[in-house]
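Everything on this sheet refers to the single structure shown next.
Laboratory data are not the source of any read-out in this text; all were calculated from the coordinates shown. Treat the numbers as computed from the prediction; the structure is a model and nothing was measured.
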Amino acid sequence: MHRRLIALALVLATAACQQAAPPAPPVVSRPPASPAPATSAREPATVAKAPPALPSLEFPPGPLYFCQSSSGRSAIDYEPRVEQLCRRHPEMGPCQYERDACRAKGGRVYTARNEEVTAAVEAEYDRVVRRVRFQGDSGKK
């Protein structure tokens with residue numbers, strides 16, 4: 001019996017501590033606001049950048065990518081298994097590695113359809129994949 005009284009007192013105390021919901025603010029009808037006066041010094045509106053147009057995933061037979069540099073245009077060759085992967089998922093690391101190697105030599109990467117694969121396209125690939133890259137042990141302890 002004593003436990004029941006304590007439990008009842010706790011329930012009543014908890015209920016008493018509950019706050020009532022604040023009253024809803026009254027709905028006030030206001031006349032439409034007059035347009036703001038035009039000023040000569042307007043701030044430019046910020047426009048969200050659209051993601052870059054990704055190259056077509058329909059690769060014709062033959063090399064997938066070409067490296068265009070001052071010395072000419074050369075095909076980027078992949079091992080057959082890697083080439084199959086890159087035809088379906090050009091955003092994957094092995095595909096990106098060869099394209100980055102071309103850029104590191106001062107070249108520009110183009111698809112077989114002559115669409116450029118820019119750094120912005122690579123960034124979009126990274127965003128899509130949300131790749132996690134781990135650094136190896138750099139010798140620091």
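Tabulated data for the structure shown
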| quantity | calculated |
| --- | --- |
| Rounded to whole Hz, the Karplus (6.51, -1.76, 1.60) HN-Hα couplings of segment 104-110, x for glycine and proline | 5, 8, x, x, 10, 9, 10 |
| Inverse of mean 1/r across different Cα pairs in segment 65-129, Kirkwood, Å | 11.9 Å |
